[in-house]
Each structure stands twice: as C-alpha cells, then as structure tokens.
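Just so it is clear, none of the values below were taken in a lab; they were calculated from the coordinates. For clarity, every value in this text was computed on a predicted model and none was experimentally measured.
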Amino acid sequence: MDNILINRGFLYFVLLICSLNLFSCKEKEKEIEYSLTEIKEPKIFCDDFENEMQNFWIKQLAHESRDSILKDPLNKNNTVLKVTNNLEDRVSGGIRSELLFFPKDSIGYKTKYSFRFLLPEEFFKKGEAKGWYIIHQWHDAPEPGFNWKTYKRKTQPPVHLLVEHNTNGEYFLYFKSGLETGSLNEIESIKWKEKLKPNKWYTFSCEILWGMYSAENFSYAKPKLDGKYFVNKFNTKDSTFTHKIVRRNMYNSIPNYFKFGLYRAGYEKYNRDIYFDDFYLESERVK
C-alpha cells in the first residue's frame, strides 16, 4: 500500500510539473503573439470631441469644470474641447490643466499625430511679464524599477510645444525636442516664424521616431504647422530637405506619454482657455 501511495504521489507530482510547464509555454506564446501583433498592426487613437470624449483620456484637472465639450467659437455646427487653467490650478506638482494618455510607443516606434488648437481673444494680454504655456508635450516616465515617489531625476519633456509671450502682447509658438537633465542639454528649439493670432484654428502635426540614440535617421521629430514644416535643413547626403530635428527623445525604455492642455510658468497673471479639436494618432514599430 505504501508503494502504491508513493507511486501515485510521484505520478501526481509529474502531472503537476507537466501542467505548469504547459501553462508556462502557453503564457510565453501569448507574449510572442502580442509582440508580433504590435509590430505588424498600427495603433490608432482619434477623437473629434463630438458629444463625449473618448475613454482613453486621463484628466489632470484641479476641478471638473476645467474641461468641457461645447460649440466651436467659429463654427456652430462643430463641437470642440475647451480646457481652462486658472491661477490656482496646481495638480501633480505643477500649475496645469491637461489631458493625457499612454500610446506605449517605445524604442523603434514611429508615431504620427495631429490636432487643431485655437487661442481665444482673451488669451492675449499686454503688460504681462514674459511667460509661457506648454500646450502639448510628450512626458517621460520613471526608469524601470522606479515610480514617481522613488524617481528623483529632474528632466525636461523630450518633446513639447509651447506658447511664449513678451510684454508687448506678442505670442509665438515654439517646438522643442531633445533631452535635458542635470548637466546634459540637447534640446533644440525651433520658433515658428509668424506671430500667433487670436480666434484662428491652427493644425499642428508631427512625426516622431522614438529612440535613445541620435544616429542619422533615428530618434527624430518632424513638426508642422498648417502643413508647413518648422525645420528646413539641407541634408547633403541625399540632397533633400529632411525637416527633421535629429535628437534623442527617450530617457529610458519606458514609453513617453502624450499630453495636451495648459501647463504654465508660475508667474502668469490671468486665467486662460484653449480649444482643441480633431485629435488623431497612429503608430507602429518600424525598427
């Protein structure tokens, strides 16, 4: 009887090990299939802000009243997103009213995206000290093994679009790309040649290849405004205008995440609004 029990116990043990191995193999197969799917199939996110916002958005707002969907100020047949930032709106350590989401595009992914934005008449003020508002950014995440409580590294957003103003009430758009942390400063800043105007819809679009290296044709951004490139640099190797800002744009392998809204310096004197519409993003792994 003891031998039978031992043999049965051994048999059950062998069956258990086989089951665990089979489960492990199935899990590995799932991981491989998931990776292949991400490589082959582009990811698409879009929102035209008709009726309700898409559920992929995460809100960083001081109050629920800071965002709303309402009629387009220039076209009553269209609805748009309005984002408000008041002077006291401090969220997650910054004075911000932003929406974000996680496309999860890491090294070797190419991201193409666009959205429209409008600055109302009330956004433009004279007699205010120089200042800025970031209206869109790709924000880095903590390195593997860290979270926001344990991550002590101070970084600038590797990609950001901001409005800067002077005391004369002139407002300009800047696109910046590159890494800045500690003594490292690789950010390249491109100023749009024309002053921004109130109550005008602008279409911003950009193509980004994500990476931690800045070799030729890797880790770049190609921003446009209303279909025109920010950058017109001549490339002697292929005799074409590349329109690229070739810069590293990831601090680590954890994907950057998308944000737009209003994030400001600490010395602004007025509450402000911005309007957004027709957001679209697609991405796929290309390297």
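Values as computed for the structure displayed
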read-out: Pairs from K82/K222; K82/K112; K193/K222; K82/K259; K152/K191 whose Cα-Cα separation, in the structure shown, is over 25 Å; value: K82/K222; K152/K191
read-out: For E180, residues with placed amide H under 5 Å, excluding near neighbours; value: Q156, E186
read-out: Linear extension gain, N55 paired with T181, 0.36 nm per residue minus alpha-carbon span; value: 42.1 nm
read-out: Percentage relative contact order, the stretch 43-285, counting C-alpha pairs under 8 Å, at least six apart; value: 32
read-out: Cα-based shape type of the stretch 119-181, given that a ≥ b ≥ c are square roots of the gyration tensor eigenvalues and the cut on a/c is 1.5; value: prolate
read-out: Cα shape, the stretch 43-285, gyration tensor, a/c 1.5 rule; value: rounded
